[in-house]
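Undergrad: Please read through the structure below; I'll follow up with questions.
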Amino acid sequence: MSDIPTLDVACHACEFLWVDLMHDPNASILNAVRDTYEVCRVRELNHVSSAIRLRAPAFVCFEVDDPDTRVFDSLMRVRNDHPELPVLVITDRNSMVVAKWAVRLRVWDLLVKPLGQEELSETICSIASKTTERDTAIGSGGALSASSSSCDVQRCNTPGHLKRTSAAISHLKANFACRISLETVAAACRLSPSQFCRVFRKEHDVSFGQYLLCFRMDRARTLLENEKILVKEVAYAVGFTDLSYFTRSFKRHFAVCPTAYQAGARHASE
């Protein structure tokens, strides 16, 4: 029998920390799932750090009503002090400032209300399963995998660790604004397309297509910090020829459309 817990067990066995910042505690979405999971709930930001130390949660969720700088400071402190700890942010659809903070700090996921119980449960299970994999890898002496949900495509590797696909990464960085075919990057690595797919996923924990998309989304996000650039110019600059597809991809990635993200960035800088 495997020592690795099943996904269902992992979802319900791990404890997580819920930072409930709703003005009305009864309005928190936690109330819909708290009987299903092991949850430590705090309502004061100055209790977050001590709760993490005492509880060692699988992940932290910030449910934010009205954002202020104290919330951002707390999020930043958690990300800086516990970079390995997944952070989930749940906010109202109108809280563009929170969405921008979440994207900048590269939290695990950002959920926007109205939010169904099923979607929330799926997200919790996804984080729990990844945490279980991480703990299992650490316990067996294995390497800690990079999260495939993150847009951080930079890896800290020992020399030579990625030598089989390093040529593909170099090609991607130099040509991400153009069409990149699987055959081209596979040939650059002296592998067949099928071999390349297997090796790339083994070394990066994501497919080459996912890696490329994350890289382009990161570049697009950076370009959108400039309020003078048009969204369609950003789309073309990072390799998209279809503006509507770019918009959908960006929203799936960051839970906010490019135009709204750019407006939020402009508002935050004022």
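FYI, it's all coordinate maths here, none of it is from the lab. Computed from a predicted structure; not experimentally measured. Here the Cβ positions follow ideal geometry from the backbone for every residue, glycine too, while neighbour counts run over all protein chains shown.
Undergrad: Between GLU38 and ALA177, what is the FRET efficiency for a Förster distance of 30 Å, r being their Cβ-Cβ separation, to the nearest 0.05?
TA: My answer for the efficiency is 0.05.
Undergrad: Express in nm, to one decimal, how much length is gained between ALA27 and THR241 on full extension, taking 0.36 nm for each residue of separation and deducting their alpha carbon distance.
TA: Answer, rounded to one decimal: 72.8 nm.
Undergrad: Please give, to one decimal in nm, the separation of the simple spin-label points placed at LYS232 and LEU115, each 7 Å out from Cα toward the Cβ.
TA: Distance between the two pseudo-spin positions: 3.5 nm.
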